[in-house]
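Colleague: Below you'll find the structure I mean.
The values are calculated or read from the model by the stated rules, or taken from the named source; none is laboratory data. This structure is a prediction, so every number in the text was calculated from the model and none was measured. All Cβ positions, glycine included, derive from the backbone under ideal geometry; neighbour counts span all protein chains shown.
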Amino acid sequence: TDKPIKKRKIKLDEELLAYKGVWVFVESERGHVHPVSWELMGQGRRLADQLGVELCGVVMGAPGPDLEAQCRAAFAYGADRCYRIASPVLAEYRNVPFTRALTDLVNAHKPEILLLGATTLGRDLAGSVATTLKTGLTADCTELAIDPEDRCLLSTRPTFGGSLLCTIVTLNYRPQMATVRHRVMPMPDPQPERTGLIVDFEAGLIETDIVTKVLEFIPDDQRDKPQLPYAEIVVSGGKGLGKAENFKHVWDLAKVLGGEVGASRAAIHAGWISADRQVGQTGKTVRPALYIAAGISGAIQHRVGMEGADCIIAINNDPNAPIFDFAHYAIVGDCNQVLPALGRTFAGY
Ligand code: FAD
């Protein structure tokens, strides 16, 4: 429709105005912080500066030096303050004690915005915290901004199967909660000289009150898994390759360039490559320096997983393919000829 969108005026009453500050949940497993936390810290810094409020990290876990180190890292990535909840009950992630501790902290210190990574843990925790607090949560956001007029969080995410992007506002509830997937936001540069205030919060958790127990921790072996989110170069193949054997051209070019192999969902559905290589809304988000898309149309669901690349080269035999609307370089041609030609060219360097 070309009718102008009528914006609803948001009136914040005194109770809602008592909520101040932007918080980022620092997700860690056995002392290792998930990098999405620092990406969110960078984004949180921008939001807090726009609002003129503090940026706070929330670190939770077993008592010990790890939590102190996480607070220091949070300051380096932009936090002004860290809330630290140390309890032996929080040694391993379990939904009930983490939800209880985080909701008690929110009720005590009232942030206006609470951000979590859209990881397995973050999604589990964000859902139960939002439900317990009876507030709004926008999951899997691709963009976060502040409405300058209303000071509300504008959370943008794909909708209707990814065919549209919608911007969601939490009207009369606080905190405004959002989750963001790893690699959607850029990683900020740490500033090791930054310091901040650590505030300890007593969550009063008692082990015997928690019905679930962690009996064993078996780490996932990542050695043979594709490291797509971190790859500097990704060569991806789509349905335009025509048949499974042609994926060899994608593997060959990725090898020459020292990159990772990705794929569109259509190529995965065709059985040409394993699902852990899918790039896009329901696959991985990548942020490489170079992304080469061969025989990929550029559907929005694929685009949201790779448009953060610094340079996109698209190879497609249709000059009107949607991918050419946002690629930096367009090669109109048969990808089964162009890929080997690129391989030969780069192999010479
Ligand atoms: P096609 O759309 O079939 O495009 C093939 C392209 O190759 C065309 O542009 C064609 O011109 C070109 N071509 C044909 N022959 C040649 C040739 N010889 N040389 C060069 N070019 C050629 N998709 C994802 O990729 N990732 C996701 O995470 C994802 N999630 C989804 C989630 C939902 C809820 C839904 C509904 C869909 C999702 N999809 C996802 C699917 C997405 O909508 C597209 O269907 C898919 O990305 C298309 O893949 P494709 O571009 O390889 O295939």
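Colleague: Based on what the data block shows, is Gln301 within 12 Å of the ligand (Cβ to nearest atom), modelled with pLDDT under 95 and in a helix (DSSP H, G or I)?
Modeller: yes
Colleague: Suppose we filter Glu112, Glu149 for residues that are more than 16 Å from the ligand (Cβ to nearest atom), acidic (Asp, Glu) and more than 21 Å from Gly42 (Cβ to Cβ); which single one remains?
Modeller: Criteria check complete, one pass: Glu149.
Colleague: So which pairs qualify, if the first residue must be in region 271-289 and in a loop (DSSP other than H, G, I, E, B) and within 12 Å of the ligand (Cβ to nearest atom), the second must be among the β-branched types (Val, Ile, Thr) and at pLDDT below 95, the Cβ gap must be under 7 Å, and the two must be at least 6 apart or on different chains?
Modeller: Within 7 Å, the pairs are Gly280/Val304; Gln281/Val304; Thr285/Val184.
Colleague: Can we say Val256 is within 12 Å of the ligand (Cβ to nearest atom) and either more than 23 Å from Ala347 (Cβ to Cβ) or not basic (Lys, Arg) (or both)?
Modeller: Taking the combined requirement at face value, the residue does not satisfy it.
Colleague: Related question: Which residue, of Ala48, Ala79, is touching a residue at least 24 places away in the same chain (Cβ under 8 Å), assigned to a loop (DSSP other than H, G, I, E, B), touching a strand residue (DSSP E or B) at 6+ places or on another chain (Cβ under 6 Å) and surrounded by 16 or more Cβ atoms within 10 Å (Cβ to Cβ)?
Modeller: Just a single option satisfies the conditions, and that option is Ala79.
Colleague: Now a separate question. For the subset of region 304-319 comprising residues that are buried (at least 18 other Cβ atoms within 10 Å of the Cβ) and near the ligand (Cβ under 10 Å from one of its atoms), which member is modelled with the lowest pLDDT?
Modeller: Val304
Colleague: Okay, next question. Return the pair list, or none, for Cβ contacts closer than 9 Å from residues in region 12-30 that are without any contact (Cβ under 8 Å) to a residue 60 or more places away in the chain and more than 19 Å from Ile146 (Cβ to Cβ) to residues that are assigned to a strand (DSSP E or B) and not hydrophobic (A, V, I, L, M, F, W, C), at least 6 apart or on different chains.
Modeller: Short answer, once both residue conditions are applied: Val26/Gly57; Ser28/Gly61.
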